[in-house]
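We did not get these values from a lab; they are worked out from the coordinates using the rules stated. Given the structure is predicted, the values throughout are model-derived calculations rather than measurements. Backbone-built Cβ (ideal geometry, glycine too); neighbour counts: all protein chains shown.
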Amino acid sequence: MAEHIIGPVAELPPGSHRVVKVRNLEIGIFNVGGAFYALPNICTHQFGPLCAGTVNGTTACSAATDWRFAWVREGEILTCPWHGMEFDITTGRCLANPKVRVRQYPIAVEDGIVKLTL
Ligand code: FES
C-alpha cells in the first residue's frame, strides 16, 4: 500500500469534489461536510464515469419524513451522469439496490494535506 498526496484541504472545501488519476485509476475525491471519501470513477451499472456526476440529495418517503416525499441528504448523494443511478458517497451503496456498492478507498487528512492510500 502506498500513500498518494491529493492536495491541500483548502483546495477541496466542503461540498466540492474532483476526479484524480492515481496510477491507472480514476478516483473521485469528495468532501462531504468536512469528511473525505474516495470512490472509483466507474459506475456499477454500465461503467459510466460515475464521479463526473452531480452531488445532490435525494427524495425519500419514510417515518423520518412523516411518510411524505421529502428532499433529504443534500450533499451526500452522487448521481451517475449516464443513467441517473444514485450512490451514497459516505457508504458507496446504491440507493436503488443497497446490495450494490462501489468501493471506497482509504483517504485521510494529515497536516492539512489530503492523502489517499492504494
Ligand atoms: S452507467 Fe451509471 S447509471 Fe448507467
Considering only A38, A63, A52, give the residue with the highest GNM mean-square fluctuation for the chain, with springs between Cα atoms whenever their separation is below 10 Å.
A63
If R₀ is 30 angstrom, what is the calculated FRET efficiency for the pair T117 and N56, using the beta carbon separation as r and rounding to 0.05?
0.60
Projected area averaged over orientations for the range 3-117, convex hull of C-alpha atoms, nm²
7.4
For the chain, calculate the relative contact order in percent as a whole number, restricting contacts to Cα pairs under 8 Å that are 6 or more residues apart.
27
Using a simple spin-label model with points 7 Å from Cα along the Cα→Cβ vector, what separation in nm is obtained for N97 and A64?
2.3
Quickly work out the S16-to-H45 label distance, labels modelled 7 Å from Cα along the C-beta direction, and quote it in nm with one decimal.
2.8
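Would you kindly state how much longer the chain becomes between H83 and N24 on full extension, computed as 0.36 nm times their sequence separation minus their alpha carbon distance, in nm to one decimal? Please list the in-between numbers first.
Working: separation 59, 0.36 × 59 = 21.24 nm, distance 2.48 nm.
This chain segment gains 18.8 nm when fully extended.
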Cα centroid separation - the range 63-86 against the range 1-46, whole Å:
21
Report the semi-axes of the equivalent ellipsoid for the range 55-118 in whole Å, largest first, where each axis is √(5λ) for an eigenvalue λ of the Cα gyration tensor.
27, 15, 11
Note, V72: beta-carbon cut-off 13 Å, +1 each Lys/Arg, -1 each Asp/Glu, net -3
May I ask you to order 42-49, 1-8, 64-71 by the average number of other C-beta atoms within 10 Å around their residues, highest value first?
42-49, 1-8, 64-71
